Ligand code: SF4
Ligand code: SF4
C-alpha cells in the first residue's frame, strides 16, 4: 500500500492552487511540536535540552488546532519530544483528522503498541516510526539497548491493526550502506507504506557532534544508500529531494514550506534553527529576512543542512513549477533512477577518513548502553 491517491490529490491541488494565485511563499507541512519531553535521550537530538520546567509543559489541543487553522496546511507532522507522552495526544489527532489534515505522528514507538487502542485507523493518520538504522546502529543512535526490537514489534502491531505506518530515518556519518539497504528490505517486508530518510542536522546543542555529515559527505553516502534501488523500496519523499540528497539535483531551502510551531510560538526561521519566535504565522512570513537563510545565503548554520524540512517543500513546489522538473519526476516515478550509481556493496566510509570506522567501533564497544525497561 502506498500513499493514498486522495493525499496526493490534496497536495497537488493545494500547490497548484497557490501557484495559479501567484502566492510566492506558502507552507506545505506544519511541524507541530506539542511538547519537548521524551522518554529517550538520543546523541543527535537537538530538542530535549530545554530546562525541566519547559520539558514539563505541553501545548493544549486548542493551541494545536489554532496553529493548524492559521497556516492552512494540508499536511501536519507531529514530532517532539515524544508525542505519545502528551496526555491529550488522541484528542489532538482526532481533531486534526476531523479537519481532514493528513498527519504524520512521529514516535520512537516505545509506547506505541501499548497505546494503539487510543487511535482509529484512518487514511489521514500515519505513524512515522523513528528508526535510525538496523538493530545495532539504531540502539547506538538512541543510546539505549532494545529500542529497535520494541519499534519493530510496534510496527508489526500497527500494520496488523490496519494503520498507515511509515519510518523515519536520520542518517549519520557512521551509517553502513550495506546494512542500511538490508534494513530497507526488512522494513518493506514488514508492510510499511514508505520510508523517510534524511541526513541529521548538526545541532549545536546535540552531544554527538562527531556524528553529523558535512554536505559533500551527504551526497557520497546517499549515492551508496540509494544507488541501484530495489523495485519494491518506497520512499515517502519527493523523487527530486532524493536526487538532491545524492547531489544530482539542485534545490534551495524554502524554510517557510515546513514551519514549526511549539510552546514558544512560530519558530524563526525553521524547525532546526531557533532565532526567535513570532505570535502568528503571518508575522513569521512578513518579518523574517529569508535572504539570510539557505545555502546561497552563505549563513554557516545552513552550510551543511540538507534536511527534508528545508528542501522537501522546495522539491514538491519545483515538481509543479516547470516542465523540466515535472518531466524528471515523471521519469523517475516510471523508470526509477538510472543504473549508473555506485555499487551497493561499496562499504567504504563516505568521509574519506579511513580511521573513522575503527573509531566508530571503538565508541560502540566503550558505550555502555542502558537496557530498555518499559
Ligand atoms: S526520540 Fe526523538 S525527540 Fe526523543 S531524544 Fe530521540 S531524537 Fe530526541
Ligand atoms: S538550510 Fe536548513 S538550517 Fe538553514 S534555514 Fe533551511 S532548513 Fe533551516
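Bear in mind that the values in this text are calculations on the coordinates, not laboratory data. Please read these numbers as outputs of a predicted model, since none were measured by experiment. Glycine gets a Cβ as well: all are built from the backbone with ideal geometry, and neighbour counts include every protein chain shown.
Just a few scattered comments:
- Choice from 14, 201, 26 showing the highest fluctuation, given a GNM over the chain with Cα pairs closer than 10 Å: 14
- Value of Rg to Rh for region 175-222, rounded to two decimals, is 1.05; Kirkwood radius and Rg both from alpha-carbon coordinates.
- D (Stokes-Einstein, µm²/s), Kirkwood Cα radius, region 259-324, 1.002 mPa s at 20 °C: 165 µm²/s
- Linear extension gain, residue 52 paired with residue 9, 0.36 nm per residue minus alpha-carbon span: 11.2 nm
- All Cα-Cα distances of region 40-199, cut into 5 Å bins from zero to the largest, leave 2, 8, 18, 21, 20, 16, 10, 5, 1, 0 percent in each bin in turn.
- Additional length obtainable on full extension of the chain from residue 19 to residue 283, 0.36 nm per residue less Cα span: 92.9 nm
- Potential lengthening of the chain between residue 182 and residue 215 amounts to 9.4 nm, from the contour at 0.36 nm per residue minus the alpha-carbon distance.
- Normalised by the number of residues in region 5-366, the average gap of Cα pairs under 8 Å and 6 or more apart makes the relative contact order 17 percent.
- Region 168-185 and region 200-259: distance between their alpha carbon centers, rounded to Å: 12 Å
- Principal axis analysis of the Cα atoms in region 181-311 yields extents of 45, 30, 30 Å, listed in decreasing size.
- A Förster distance of 30 Å, applied to the separation of the beta-carbon atoms of residue 114 and residue 324, puts the FRET efficiency at 0.05.
- Across the alpha-carbon atoms of the chain, the computed radius of gyration and Dmax are 19.6, 57 angstrom.
- The share of C-alpha pairs in region 122-178 whose separation exceeds 18 Å stands at 37 percent.
- Among 144, 231, a tally of other beta-carbon atoms within 10 Å of each Cβ gives an order, fewest to most, of 231, 144.
- Distances between every pair of Cα atoms in region 1-51, grouped in 5 Å steps from 0 to the bin holding the largest one, split as 4, 14, 15, 14, 10, 11, 16, 12, 4, 0 percent.
- A Förster radius of 35 Å, combined with the Cβ-Cβ distance separating residue 149 from residue 230, puts the computed FRET efficiency at roughly 0.90.
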